[in-house]
Amino acid sequence: MKIDLFIVLAALGILVGCGGSPTETASSPSASSGKHLLLASEPDGAIPVGEARQTVQSDQEVTLVGLVGGSTEPFVDGIAAFTIVDESVPYCSPDEGCPTPWDYCCKQNQVQDNIATIKIVDEAGSPIASNARDLIGVEGLSKVVVQGRATRDDAGNLSVAATKIFIRPGE
């Protein structure tokens, strides 16, 4: 299953720790963007990733909130998928010697139980073949609220097939 491979790759990224490029650039949505996926206002009832990992079951509609991150490269090339981390987990700051704070290298042990994979899907439920940065204009540490259908793998990892996204401005 593609998402299982992504979870393994994301976990490997977490284990790598600090590193990667010194800056992560924001991308604004392109002309063929996913603006139709973006909500104009934040939906009510969003639950933090850590809580969702404890309570949400497969095939359940869910609204999650979290920060894009969890590894040095939380995005998947060629597919609109990324990981989010519960906002209660403190990320590393550049003052702590971490050039990629979205990888949570200072708090890796807390990330394992507070991470979810977000896969942006089309109306048919198929993954969109575009990088999420380009599709919806997010970057590392962007705070997002996603709506979609949850799934769990055999290890209990949480994934959401997201159909709607709200990006909190200025965060």
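Each value in this text was obtained by applying a stated rule to the coordinates, not by laboratory testing. Because the structure is a prediction, the values reported are computed rather than measured. In this analysis, Cβ positions are derived from the backbone assuming ideal geometry, glycine residues included, and neighbour counts consider all displayed protein chains.
For segment 105-133, the residues whose amide N sits under 12 Å from a probe point set 7 Å from the Cα of Thr163 along the beta carbon direction are 121-126.
Could you compute the net charge surrounding Val62? Neighbours are other residues with a C-beta less than 12 Å from the C-beta of Val62; K and R count +1, D and E count -1. Mind dumping the intermediate values first?
Working: positive: Arg53, Arg149, Arg152, Lys164; negative: Glu51, Asp59, Glu61.
Taking every other residue near Val62 into account, the sum is +1.
Taking packing as the residue-averaged number of other Cβ atoms within 10 angstrom, the listed peptides 69-82, 103-116, 153-166, 40-53 run from highest to lowest as 69-82, 103-116, 153-166, 40-53. Our coupling estimate for segment 92-98, obtained by passing each phi through the Karplus curve with A = 6.51, B = -1.76, C = 1.60 and θ = phi - 60°, is 6, 9, x, 5, 8, x, 10 Hz, Gly and Pro reported as x.
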